[in-house]
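Below is one structure, written out as structure tokens; comments come after it.
Rule-based calculations on the coordinates, nothing more; no lab input. Quick caveat, the model's predicted, so the values are computed rather than measured. All Cβ positions, glycine included, derive from the backbone under ideal geometry; neighbour counts span all protein chains shown.
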Amino acid sequence: MKVNLKNILGMAALGMTLLSNTVPTWAGSVIHGEVSIFRYSPTEIHVSGSMVGARYSADSRQYIGCSLDSTPRVMCAARDSADNSVYCYSSDAGHVDAVQKMTDSSYIEFRYNLTNLTCEMMWITNNSSGLQ
């Protein structure tokens, strides 16, 4: 009886220990921006969104992102849910630096110049609200 009681108490203690370690919970603001493309001025288009927002959007059309080649030159591209798409290029050192710091949860914004097909402005926001 003594051994049986020890086993029961040991199992109860183990069960309480396992129950006290809870599964992690997620907290904080979450912003998964779907892709938005709109005319900012007669010669510029403003593009914004996140890769997470595009990936988990209700449609399968959206994408947004930037890549970097060895020259170094940045190329940013996006398509929204209405099938509007844009892409632009930049060799600006600040844009290159921003793209190198981009993650899959970054919020991306850029302005596309219709006159010369370049990325005029670029903002990459790395923030906990963009995490999946």
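Observations on the model:
- For the range 54-101, the set of residues classified as crowded, with 19+ Cβ neighbours inside 10 Å, closer than 15 Å to T125 by Cβ and touching a helix residue (DSSP H, G or I) at 6+ places or on another chain (Cβ under 9 Å) consists of I64, C66, C76, listed by residue number.
- Looking only at the range 54-81, and only at residues there that are in contact (Cβ under 8 Å) with a residue 40 or more places away in the chain and small (G, A, S), the one that is farthest from E34 (Cα to Cα): G65
- Matching residues in the range 99-121 - criterion: being of a type in the set (D, E) and over 12 Å from the mean Cα position of the chain (by Cα): E120
- Search result, residues across the range 90-109 that are in contact (Cβ under 8 Å) with a residue 60 or more places away in the chain and within 13 Å of A54 (Cβ to Cβ): Y107, I108
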